[in-house]
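Take a look at the structure below.
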Amino acid sequence: MPMITQRCRHNYSAIAVASLACFLLFVAWYSIFLEAWLKGIGHDRAWLSGLGVSVPLQCVTALVASLLLALCISAFTQLTGPMTARRGIKIAFALWLGCVLTTRATQSVFEARSYSHFALNTGFWLLSMALMGAIVGGWPPKSAKQS
């Protein structure tokens with residue numbers, strides 16, 4: 001019996017926009033909830049400003065990670081049915097539930113983090129993945145001429 005393989009045809013414009021939307025939501029979310037996040041990890045603004053981290057490296061890392069996540073959401077959406085915003089959100093939710101919620105829960109319980117810290121981080125990923133799912137799933141497909 002021949003093996004049937006399904007090929008994904010990613011819309012890289014949609015993936016790029018979804019990734020940028022995730023990054024912008026990240027900036028807004030953690031700007032709004034910075035104090036709560038710092039409290040959740042047991043630190044303050046003085047600690048944060050004394051780290052000497054590379055902000056460009058942090059931004060590039062976040063953008064690359066969101067690109068990969070948007071690509072995964074796109075692939076899973078395509079491989080399981082039609083590309084619609086609603087299906088993109090459903091797939092993003094399933095990936096969040098099976099991958100993000102479970103790994104963050106395990107990490108949080110072993111790090112002895114508070115429930116509010118857990119909710120802050122997992123809430124961000126739930127919203128950002130739903131946003132990316134809506135974008136990649138609902139983006140109009142390329143016409144045959146553009147392929």
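The values are calculated or read from the model by the stated rules, or taken from the named source; none is laboratory data. From a predicted model like this one, the values you see are computed outputs, not experimental measurements. Positions of Cβ are backbone-derived with ideal geometry, glycine not excepted, and every protein chain shown enters the neighbour counts.
If the condition is being touching a Ser or Thr at 6+ places or on another chain (Cβ under 9 Å) and crowded, with 16+ Cβ neighbours inside 10 Å, then the range 76-93 contributes THR77, MET83, ARG87, GLY88, LYS90, ILE91, ALA92. In the condition set (1) surrounded by 14 or more Cβ atoms within 10 Å (Cβ to Cβ); (2) under 24 Å from SER19 (Cα atoms), GLY123 is compliant with all but (1).
Among the residues of the range 66-75, are any surrounded by 15 or more Cβ atoms within 10 Å (Cβ to Cβ), of a type in the set (A, V, I, L, M, F, W, C), in contact with a Phe, Trp or Tyr (Cβ under 6 Å, 6 or more places away or on another chain) and modelled with pLDDT of 95 or more? Within the range 66-75, not a single residue is surrounded by 15 or more Cβ atoms within 10 Å (Cβ to Cβ), of a type in the set (A, V, I, L, M, F, W, C), in contact with a Phe, Trp or Tyr (Cβ under 6 Å, 6 or more places away or on another chain) and modelled with pLDDT of 95 or more.
With the range 1-118 as the region, which helices (runs of 4 or more DSSP H) entirely inside it contain at least 2 residues that are touching a residue at least 60 places away in the same chain (Cβ under 8 Å) and closer than 29 Å to PRO141 by Cα? Passing ranges, in order: 12-32, 55-79.
Can CYS22 be described as surrounded by fewer than 18 Cβ atoms within 10 Å (Cβ to Cβ), out of contact with any strand residue (DSSP E or B) (no Cβ under 6 Å at 6 or more places or on another chain) and under 23 Å from MET132 (Cα atoms)? Against the criterion (surrounded by fewer than 18 Cβ atoms within 10 Å (Cβ to Cβ), out of contact with any strand residue (DSSP E or B) (no Cβ under 6 Å at 6 or more places or on another chain) and under 23 Å from MET132 (Cα atoms)), CYS22 does not qualify.
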